[in-house]
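Trainee: Here it is, the structure in full.
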Amino acid sequence: MKENPKNYLTQETDSKPTQKPSDTREIIVLRWGHRPQRDVRLTTHVALTARALCASGFILSDVEDPGIEETVRKMTNSWGGTFHFEMGTPWKKAVHDWKANGGVVVHLTAYGENIQTSDVLNRIKSLDKNLLVIVGSQKVPSSFYSSEVSDFNVSIGNQPHSECAALAVFLDRFFTGEELARNFDEAKMRIVPRARGKQIKK
Ligand code: SAM
């Protein structure tokens, strides 16, 4: 039996597309410990997750990897929005400059305060300051846990898993899901959500 074409459309919910989440704080994600030989795909995914879930930029600290920058720029060019990308900045300088400008540093780590069972997210939100969110790759230096570096050590559950997953859950909880309804400015392409098939508006 042929399906009614209308069945391909998704059901609209109360959550309509918006320009930006209501929390307009700046969130920059710092990726520490990238190994160009083996982390290209995962680091790219961390950057794209940061962009898609409404962080305002990404710092690939201490190393340069121009291929990742190019991928992120191409994605932003096609899919819209503005997204800051920088690489090679020493992590100590990035943290120092962030704090000097009044920002707060959140380190995502399996060993931190559990985002579900503690009030750490409320404490972060109540400060009303821009956030630098640090994720590792290989084991991070122990100084990352200290108050000189991290204002908050936050865990997304207390099991070790992935920087990409940890970042996604953190951003989603921070923006309470609003980031998933965002329409990006100046997009050359937009996905029209459908129950089946693919539709792209150009
Ligand atoms: N053996 C590494 C260690 O001891 O740090 C595990 C690193 S893990 C593969 C890479 C990164 O994922 C960590 O540096 C952290 O940023 C993030 N991560 C992993 N599990 C996490 C969790 N449960 N909560 C928050 N972040 C997590």
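The values are calculated or read from the model by the stated rules, or taken from the named source; none is laboratory data. Keep in mind that this is a model prediction, so the values were computed, not measured. In this analysis, Cβ positions are derived from the backbone assuming ideal geometry, glycine residues included, and neighbour counts consider all displayed protein chains.
Trainee: Would you say A110 is surrounded by fewer than 18 Cβ atoms within 10 Å (Cβ to Cβ) and among the aliphatic types (A, V, I, L, M)?
Mentor: On the way: surrounded by fewer than 18 Cβ atoms within 10 Å (Cβ to Cβ): yes; among the aliphatic types (A, V, I, L, M): yes.
Judged against the criteria, A110 is a match.
Trainee: Here's a check for you: in the range 128-142, which residue that is outside any strand (DSSP E or B) and within 13 Å of the ligand (Cβ to nearest atom) is modelled with the lowest pLDDT? Explain how you work it out, then say what you get.
Mentor: Kept after step one, since they are outside any strand (DSSP E or B), are these residues of the range 128-142: 128-130, 136-142.
Among the residues that remain, those that are also within 13 Å of the ligand (Cβ to nearest atom) are: 136-142.
Details: G136: 98, S137: 95, Q138: 88, K139: 92, V140: 96, P141: 96, S142: 97.
Restricting to residues being outside any strand (DSSP E or B) and within 13 Å of the ligand (Cβ to nearest atom), the top hit is Q138.
Trainee: Same structure, new question: Which condition from (1) within 22 Å of P90 (Cβ to Cβ); (2) modelled with pLDDT of 95 or more; (3) surrounded by fewer than 17 Cβ atoms within 10 Å (Cβ to Cβ) is the one that S118 breaks?
Mentor: That leaves (1) as the condition not met.
Trainee: Something else: Out of all the residues in the range 50-91, which are surrounded by fewer than 17 Cβ atoms within 10 Å (Cβ to Cβ), of a type in the set (G, A, S) and on the phi < 0 side of the Ramachandran plot?
Mentor: G67, S78
Trainee: Could you please let me know if I191 is among the hydrophobic types (A, V, I, L, M, F, W, C) and more than 17 Å from R51 (Cβ to Cβ)? Outline the logic, then answer.
Mentor: Numbers: among the hydrophobic types (A, V, I, L, M, F, W, C): yes; more than 17 Å from R51 (Cβ to Cβ): no.
It is false that I191 is among the hydrophobic types (A, V, I, L, M, F, W, C) and more than 17 Å from R51 (Cβ to Cβ).
One line per residue, one yes/no per condition, for (1) part of a loop (DSSP other than H, G, I, E, B); (2) polar (S, T, N, Q); (3) at pLDDT 95 or above:
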{"position": "E12", "(1), (2), (3)": "yes, no, no"}
{"position": "K20", "(1), (2), (3)": "yes, no, no"}
{"position": "I28", "(1), (2), (3)": "no, no, yes"}
{"position": "H34", "(1), (2), (3)": "yes, no, yes"}
{"position": "R38", "(1), (2), (3)": "yes, no, yes"}
{"position": "L42", "(1), (2), (3)": "no, no, yes"}
{"position": "L48", "(1), (2), (3)": "no, no, yes"}
{"position": "E69", "(1), (2), (3)": "no, no, yes"}
